[in-house]
Amino acid sequence: MKLYLDSFDVESWQEWMPSGLFYGITTNPILAERAGLFYPSINWSSKMALAEKLNVKEFHIQLPSCDETAISFAAQRKEEAQNFNFNFVVKVPLTKEGVKLVPEMKRLGLSILMTACYHSKQYITADAIKADYIAPYFGRMEEAGLDAYDHMSLMKDLERHSTNRCKILVASIRSVEQMMTLAAQGHLYFTISPAIADELLSAELTVKAVSEFDEAAAKVEV
């Protein structure tokens with residue numbers, strides 16, 4: 001199983017990446033905005049340098065748009081990423097305009113994640129264009145009234161029969177319980193917020209047991 005930290009907050013990177021829990025970091029324009037960043041003025045090389053320092057194995061950056069600037073943006077990020085020891089993945093929206101960008105990006109040697117997936121049928125598209133990943137927005141699917149678990153189960157079946165093996169990176173997770181149920185379906189890749197990471201490592205009974213161990217270990221002979 002591989003977990004990714006879904007955050008553009010460098011303090012969260014510095015808190016969580018040294019734990020060894022996360023394989024990589026996923027980012028997007030909304031996460032950048034929440035971190036107080038303006039997407040057009042981000043110093044990507046600086047962010048990549050920090051990611052490498054924190055032993056990030058994979059760094060995901062989303063296109064700012066699917067217009068005529070998209071290819072040059074992706075190519076520039078790829079060139080910058082070549083200076084660092086991690087796999088760079090470009091996130092492309094799963095729209096008609098986004099799909100049309102993929103062949104040129106593949107020719108540039110880019111790893112591709114198709115993002116903003118809301119329906120199991122979109123796996124067929126992502127797999128057919130040989131994307132490396134697809135990111136279904138599980139929590140948002142549920143909130144939109146869709147049967148998210150059914151869509152995820154169908155996607156997993158499609159993945160099992162795929163010849164291109166497009167991997168499913170589940171995003172928009174709202175609780176650890178959702179992760180557990182999806183992992184039991186066979187899903188192996190999740191990107192989660194720092195809040196979900198906290199929830200994942202929180203267990204009252206474990207804390208109580210460790211406190212008792214610590215108390216026993218601290219006792220001295222009288």
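Rule-based calculations on the coordinates, nothing more; no lab input. Note that this is a predicted model, so its numbers are computed, not measured. Don't worry about glycine lacking a Cβ; one is built from the backbone with ideal geometry, like all the others, and counts go over all protein chains shown.
Numbers below:
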{"quantity": "Electrostatic dipole magnitude of the chain [Cβ: Lys, Arg +1; Asp, Glu -1; Cα centre; debye, to 20]", "calculated": "1020 debye"}
{"quantity": "Set LYS53/LYS106; LYS57/LYS106; LYS106/LYS156; LYS53/LYS208; LYS47/LYS156; LYS78/LYS130 screened for pairs whose C-alpha atoms are more than 30 Å apart", "calculated": "LYS53/LYS208; LYS47/LYS156"}
{"quantity": "Loop trypsin sites (Lys or Arg not before Pro), segment 164-221, which have at most 11 other Cβ atoms in a 10 Å radius of their Cβ (DSSP)", "calculated": "ARG165, LYS219"}
{"quantity": "Between 0 and 90°, nearest 10: helix 176-185 axis offset from the chain longest Cα axis", "calculated": "60 degrees"}
{"quantity": "Which labelled figure in (i) 77, 41, 30; (ii) 88, 37, 37; (iii) 46, 44, 29 is Cα extents along the principal axes in Å, once derived from the coordinates", "calculated": "(i)"}
{"quantity": "Degrees between helix 204-218 axis and first principal axis of the chain (Cα, 0 to 90, nearest 10)", "calculated": "40 degrees"}
{"quantity": "Per-residue [θ]222 nm for the chain (sum of -39500 (n - 2.57) over DSSP H runs n ≥ 4, rounded to 500)", "calculated": "-13500 deg cm²/dmol"}
{"quantity": "Whole-number percent relative contact order across segment 2-218, with pairs defined as alpha carbons under 8 Å at least 6 apart", "calculated": "17 percent"}
{"quantity": "Relative contact order %, segment 1-127, counting alpha carbon pairs below 8 Å whose residues are six or more apart", "calculated": "19 percent"}
{"quantity": "Nearest-ten-degree value, helix 148-160 long axis tilted from longest Cα axis of the chain", "calculated": "70 degrees"}
{"quantity": "Global geometry of segment 30-99, whether rounded, prolate or oblate, following the gyration tensor of its Cα atoms and the 1.5 cut on a/c", "calculated": "prolate"}
{"quantity": "Between segment 44-111 and segment 145-187, the Cα center-to-center distance that results, in Å", "calculated": "24 Å"}
{"quantity": "Dipole axis of segment 2-218 (+1 Lys, Arg; -1 Asp, Glu on Cβ), positive-most option in VAL56, SER19, ALA131", "calculated": "ALA131"}
